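Have a look at the structure below, then the notes.
Read the figures in this text as sums done on the coordinates, not as results from a lab. Because the structure is predicted, anything quoted here is derived from the model rather than measured. Every residue, glycine among them, receives a Cβ derived from its backbone with ideal geometry; neighbour counts consider all protein chains shown.
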Amino acid sequence: MGFALDQRLADSSYLIARIDGIQVRLADDSRYVWLVLVPECEGARELHDLADDLRDQMMALATQLGGWMKPTFTADKINIAAIGNLVPQLHLHVVARRRDDAAWPAPIWGHGEPVELADVKRDRLVTAIATFLETGETG
């Protein structure tokens, strides 16, 4: 059967890159800079379902992205979470939070309706994130 991305993740995010078996996706919600990391591992629902090396790669990638996102997007806090109550397929959220964002200080999940990214903003974010992933620089 193989890996298949949950349709809800596909419909609510944009693929930026695939890195060592992990999809890096941008959530389609202009209220936050919000990345979703999805390991391309069939049947994975929990972090403990991953092989040690893939789990370590995913956590390292989340940490690297969070470290870059905080100064790049002047975030007050980086939230990293694997919730999965509505979409059971394992995915890790990496969200740049600001004290003036729509949900601060509460969690973003379930807070209002997503606001679709405008094409220009989406393209700018995708380019910046892809450049960082490719070069380690902000471009």
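Observations
- Some residue of the range 68-83 being among the aromatic types (F, W, Y), surrounded by fewer than 19 Cβ atoms within 10 Å (Cβ to Cβ) and touching a His at 6+ places or on another chain (Cβ under 9 Å): no
- Screening A51, A60 for residues that are under 23 Å from A4 (Cβ atoms) and loosely packed, with under 13 Cβ neighbours inside 10 Å leaves exactly one candidate, A51.
- Subset of the range 48-80 (residues that are part of a helix (DSSP H, G or I) and more than 27 Å from W104 (Cα to Cα)): H48, D49, D52, D53, L54, R55, D56, Q57
- Selection within the range 102-139: residues that are part of a loop (DSSP other than H, G, I, E, B) and among the aromatic types (F, W, Y). The member of this set that is farthest from P39 (Cα to Cα) is W104.
- The sole residue among R99, R25, R8, R31 that is outside any helix (DSSP H, G or I), of a type in the set (K, R), in contact (Cβ under 8 Å) with a residue 12 or more places away in the chain and surrounded by fewer than 15 Cβ atoms within 10 Å (Cβ to Cβ) is R99.
- Residue in the range 130-138 that is touching a helix residue (DSSP H, G or I) at 6+ places or on another chain (Cβ under 9 Å), at negative phi and without any contact (Cβ under 8 Å) to a residue 60 or more places away in the chain present: yes
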